[in-house]
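To start, the structure itself, in structure tokens.
A short reminder: the numbers here are calculations on the coordinates, not readings from a lab. Everything numeric here is computed off the predicted structure, so don't read it as measured data. When we count neighbours, we look across all protein chains shown, and the Cβ atoms used for this are built from the backbone with ideal geometry, even at glycine.
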Amino acid sequence: MLDRAQTASRLVGSSPALLELDGVCWGPRASKSILQPVTLSVAPGEMLAIVGPNGAGKSSLLRCLYRFHRPTAGTVRLDGTDIWRMKPRDCARRIATVLQESASEFGLTVAEIVELGLTPHVTGFRTRDCDHDQVEAALALLGLTTLAARDFGSLSGGEKQRVMIARALVQRPDLLILDEPTNHLDIRHQLEVLELLGNLGCTVIVSLHDLALASAHADRVLVMDGGRAVACGRPADILTPERIRQSFSVGATLDDHPITGRPRFSFHLER
Ligand code: ADP
Ligand code: MG
């Protein structure tokens with residue numbers, strides 16, 4: 001019997017990606033720039049959390065990383081190759097996404113939605129037995145086995161979010177990009193999903209609102225504010241009360257969690 005961590009690492013690709021951003025800028029038109037130049041590399045197998053207030057540019061930056069927004073300046077390289085020089089299918093084989101926009105697949109069951117993650121790897125219309133094993137393993141990992149035959153449209157927001165994570169895992173990504181994947185999840189599923197992401201072994205870039213989750217699970221944290229990357233580094237060095245006050249306009253108190261020993265965050269409004 002495999003444990004959760006082993007199952008998780010078997011689902012993703014075997015060559016975690018190196019992602020390099022070099023002066024990446026983006027705006028909806030030439031006269032309106034939203035992202036100021038962002039330069040940063042994410043090492044193979046690293047987990048980077050992106051935090052920042054509403055409108056900071058987190059989703060815009062992520063959209064540049066999964067080849068949705070073409071940067072207005074700068075490049076995004078996956079293992080040395082500019083993603084805009086790659087074929088879309090080659091990108092889809094290596095990069096999986098879990099996005100905030102809820103899926104529009106109507107009339108499909110949970111298992112069918114998760115199977116869609118196989119699409120970039122399937123040649124013709126054939127799926128193999130091992131592919132079905134992958135679908136079952138991903139459903140089990142996200143606690144969805146009993147929901148497999150349910151109509152996707154009938155699920156709660158949190159259940160849908162777990163289905164989209166299962167679908168991304170079935171894609172066997174080398175780079176997994178998630179935009180606020182925990183916003184609908186109950187507390188237990190938030191903790192389980194973050195632990196799962198940390199055990200995958202692929203490169204993970206995830207935007208999060210919960211600073212404690214980011215601090216406990218990410219190797220590095222990137223703080224976005226006003227379209228700029230204002231700080232990036234190890235959670236303990238970056239998520240300080242001063243930085244939190246500057247970027248989030250709240251007072252923060254940090255202490256150690258009595259059971260896990262991890263940083264615990266409390267916030268208050270400063271008048
Ligand atoms: P975050 O994900 O951090 O909340 P976003 O990246 O979604 O922030 O948005 C950053 C800013 O850019 C916001 O002010 C948003 O309204 C604006 N923005 C994002 N996409 C577009 C777009 N396509 N056209 C115009 N403004 C946009
Ligand atoms: Mg966003």
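As a rough guide to protection, the peptides 54-66, 193-205 ranked by mean Cβ packing within 10 Å, highest first, stand as 193-205, 54-66. Based on Cα contacts under 8 Å between residues 6+ apart, the chain shows a relative contact order of 26 percent.
With both labels modelled 7 Å from their Cα along Cα-to-Cβ, the ASP82 to ASP256 distance reads 5.0 nm.
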